[in-house]
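The values are calculated or read from the model by the stated rules, or taken from the named source; none is laboratory data. Owing to the predicted nature of the structure, the values given are computational and were not obtained by experimental measurement. Cβ placement follows ideal geometry from the backbone for every residue including glycine, while neighbour counts extend to all protein chains displayed.
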Amino acid sequence: MTVTLEPLVLSSAAQDLLFRDARTANAFSDEPVSEAQLEAIYELTKYGPTLMNSQPLRVVFVRSDEAKDRLLPLMSEGNRAKTESAPVTAILAYDVDFHEQLPVVFPHLPSAKDMFAAEDRRHAVARDNAFLQAGYFIIGVRAAGLAAGPMGGFDIDGVNAEFFPEGRTKAVIVVNLGHPGENPWFGRSPRLPYEDVVTVL
């Protein structure tokens, strides 16, 4: 008897939840997002790999009316209404001084911290890896049964000044999250096929 193994071990339902049926939401209902869900999203996100386990991502969850009032004027006009409708908006940022944590998170290489003495190098490494972690974060949002709406349209200097005035944390992307509202997304845009993207050598 020949047993045919599926190429993916994740169930089809889980694949749909995380990828095929998941969409970028542009409108949200007023159903709340719990503190437990926010913590669970981070608890998944933190396990995604980063360079030398550096984990430069820092997250500010904007949920109070007062905090939303500070954020909304800094969003581009096209992103303001959707951000206002979201029960929570995450500002994803990187810590310029992530290397200070390397003795804790990468203990088997005691000299790791010294490799990032140059601040310009730290900016580049932290930004790249925070974007990588942002991808994990979006999957974490979907795993919580929520919709994510990542956005790059915002006043990044304004957000940094308003939410990170110490200057050592820098925003990279803003993500709305919550339950989809009325007419929450556009039609599914085409995806490129395997043969147009992948080269096997």
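Comparison of 176, 160 shows that the only residue that is surrounded by fewer than 20 Cβ atoms within 10 Å (Cβ to Cβ), touching a Lys or Arg at 6+ places or on another chain (Cβ under 9 Å) and polar (S, T, N, Q) is 160. Screening the stretch 118-146 for residues that are farther than 20 Å from residue 48 by Cβ and either in contact (Cβ under 8 Å) with a residue 12 or more places away in the chain or of a type in the set (D, E, K, R) (or both) and picking the one that is surrounded by the fewest Cβ atoms within 10 Å (Cβ to Cβ) gives 120. Considering only residues in the stretch 1-50 that are in contact (Cβ under 8 Å) with a residue 12 or more places away in the chain, among the polar types (S, T, N, Q) and in a loop (DSSP other than H, G, I, E, B), the one that is surrounded by the fewest Cβ atoms within 10 Å (Cβ to Cβ) turns out to be 29.
Yes/no per residue for (1) among the aromatic types (Phe, Trp, Tyr); (2) assigned to a helix (DSSP H, G or I); (3) more than 21 Å from residue 174 (Cα to Cα):
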{"position": "73", "(1), (2), (3)": "no, yes, no"}
{"position": "79", "(1), (2), (3)": "no, yes, no"}
{"position": "82", "(1), (2), (3)": "no, yes, no"}
{"position": "100", "(1), (2), (3)": "no, yes, yes"}
{"position": "107", "(1), (2), (3)": "no, no, yes"}
{"position": "114", "(1), (2), (3)": "no, yes, yes"}
{"position": "121", "(1), (2), (3)": "no, yes, yes"}
{"position": "125", "(1), (2), (3)": "no, yes, no"}
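Among residues of the stretch 51-62 that are buried (at least 18 other Cβ atoms within 10 Å of the Cβ), those with a Cβ under 7 angstrom from a residue that is in a helix (DSSP H, G or I) and charged (D, E, K, R), sequence gap 6+ or separate chain, pair up as 62/68.
Within the stretch 64-86, track down each residue that is crowded, with 18+ Cβ neighbours inside 10 Å, farther than 15 Å from residue 158 by Cα and of a type outside the set (S, T, N, Q). The answer is 82, 86. Applying the condition of being in a loop (DSSP other than H, G, I, E, B) and of a type in the set (S, T, N, Q) to the stretch 156-201 and asking which residue is modelled with the lowest pLDDT yields 183.
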